Each structure stands twice: as structure tokens, then as C-alpha cells.
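The values are calculated or read from the model by the stated rules, or taken from the named source; none is laboratory data. This is a predicted model, so every value here is computed, not measured. When we count neighbours, we look across all protein chains shown, and the Cβ atoms used for this are built from the backbone with ideal geometry, even at glycine. Please note that ligands, DNA and RNA were not included when accessible areas were found on the heavy atoms of the full protein model with its side chains. Shrake-Rupley method; radii C 1.70, N 1.55, O 1.52, S 1.80 Å.
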Amino acid sequence: MRTALLQSSGRPGSAVENLKVLDEAAGRAAAAGAGLLVAPEMFLTGYAIGDDVARLAEPADGDAADAVADIATRHGVAIAYGYPERGPHAVHNSAQLISADGTRLANYRKTHLFGCFERDHFAPGDQQVVQAELDGLRVGLMICYDVEFPENVRAHALAGTDLLLVPTAQMHPFQFVAESLVPVRAFESQMYIAYVNRTGPEGEFEFVGLSVLAGPDGVARARAGRGEELVLADVDPAFLAASRAANPYLEDRRPGLYGSLV
């Protein structure tokens, strides 16, 4: 499945403008043969928007989700995007996957909040593994800091995730996560990982770009630079199966030795 990574910070504070950016990117992705478009963390509203987080938050099935579903349907491409979700009791930093026919397939709430900004504005999610079936692949969702915990990615591997989508807001000076950690995670847990970042200055943050789609061999299939960019790469189920056969980490685990980890 050809996968498009939208590296962009959009227009912070304006869901209307960000939907326009997403629409334009979906058109380009579909024209290039992509079946999936992945946008960054909090793409719908912007990340460093302070108290506007609560004002702009919407339910998972709100108007913004309907607008994304319309974009997906018109262009015939599935879309994963980050947004602030208004839940029954709190606001969550969430990511949602919508199919090419507009069906809401999965919604994930970030479980590991990073820094004071996120802890002040969001409540953490409590469901570690969220998955959906898409074009014959088992697709998982995670957000930014979550992927830096090896236990999280391994849980997805054990649950059969083939392609892990990680909308992110990775900032300076932590670019080594995109450059080194994500490809290693893909190799050690034998999956594809699409890590899709924001870019440029936003509030007190400087987002570093460097979005990457890493394969189960630890090799980047596509990598963006530091600016706004749409990059594409293929997720190959046959290569994934061959890689898993050649690198039997999951079969060679000895869970009985790992009790001290929890």
C-alpha cells in the first residue's frame, strides 16, 4: 500500500485552514497512487495553541471528523490525523483513522503525555493497542512520545500490527528519535512505522521535520527534510512476511524472564 506522509504544521489555530491543507494533500497523495495519507500530531488545530486546545476540541464523531471523511471519500484515500478530542470527562490528544469510504476505523488517545504543556491540557488515554484493518494490513495507531517506549511498540508487534502510524510533534533537540530510534523500533518489532512530524517554529517549540517511513529491516523507505513536504513510500506485505521469517525476534522471546519489567 502506497503511503503518503504529510509533513506540515498547517495553520495553527484554524481547523478550517488545516482542513484545506489536508484536502490539497489528499488530492496529491491520491494522484500519486497512495491509499493512505498520514498527517501529524494535533494537525487539525495546531499543537502550541495554549488554552485554545479546549476551545477547539471536538468529539471523535464531530464536525471535523465528518469533514475529514468527506475529504477521504472525494479523493479515495484513507486518512489518519491528529486532533484534540473532547471526551465525556476530559480532553485527549488523539489520532483518528478514516477509511477511503469515509468510515471511522479507529481512534486512539495518547497514553504517554510529554512535558508540562501536554499534562496541563490533556488527560492520558488508557488503551495501549488500537488497530484497524486497512487494505489487507493490520494498522496500529500511536502518537509521538508513545513510540519512544519500546514496550508500547512491542505490544503492537505481539498484537500483529503490520503498519504503525505515529502522528508526531517532534521538537529540537530530539531529532535523533526520527533519525535513529524509529528505524530501530521498526526492526526490533518487525513492522513498518510511519512517523509523521510537524515542522518549523510554533509557540515555544521548534519542530524538526524528518518524517520517516521505516521498514522492518530498519531502512527508511522515505524521509522528509526539515520543511513542508509530502513524501511517499510503499508498505509491502510480502517483504514484511519475509523479514519476519528471517528475523524471529518475536518467536525467540522468553517472556518468563521479563517479569521484572512490570
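Mind telling me which of the residues GLU118, GLU85 ends up being open to solvent by less than 20 Å² (accessible area, probe 1.4 Å), assigned to a strand (DSSP E or B) and among the charged types (D, E, K, R)?
GLU85
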Query raised in the report: Hey, does segment 68-88 have a residue that's of a type outside the set (Asp, Glu), modelled with pLDDT of 95 or more and in contact with a His (Cβ under 7 Å, 6 or more places away or on another chain)?
Result: no
Query raised in the report: What residue, among those in segment 36-50 that are in contact (Cβ under 8 Å) with a residue 60 or more places away in the chain and over 28 Å from ASP135 (Cβ atoms), is farthest from the chain's Cα centre (by Cα)?
Result: GLY50
Requested in this report: For segment 128-151, name all the residues that are assigned to a helix (DSSP H, G or I) and in contact (Cβ under 8 Å) with a residue 40 or more places away in the chain.
Outcome: CYS144, VAL147, GLU151
Report task. Just name the residue that is nearest to the chain's Cα centre (by Cα) out of those in segment 126-146 that are more than 12 Å from LEU36 (Cβ to Cβ) and β-branched (Val, Ile, Thr). Result -> ILE143
Query - Of residues in segment 152-181 being assigned to a strand (DSSP E or B) and in contact with a Gly (Cβ under 8 Å, 6 or more places away or on another chain), the one farthest from TYR47 (Cα to Cα) - result: LEU163
**Report entry** Residues satisfying the stated conditions in segment 230-260, i.e. in contact with a helix residue (DSSP H, G or I) (Cβ under 7 Å, 6 or more places away or on another chain) and assigned to a helix (DSSP H, G or I)
**Finding:** TYR249, LEU250
Query raised in the report: Is it the case that some residue within segment 101-108 is crowded, with 16+ Cβ neighbours inside 10 Å and closer than 25 Å to GLY200 by Cβ?
Result: no
Requested in this report: Starting from residues that are of a type in the set (Lys, Arg) and modelled with pLDDT of 95 or more, keep the ones in segment 208-253 and report whichever is most open to solvent (accessible area, probe 1.4 Å).
Outcome: ARG226
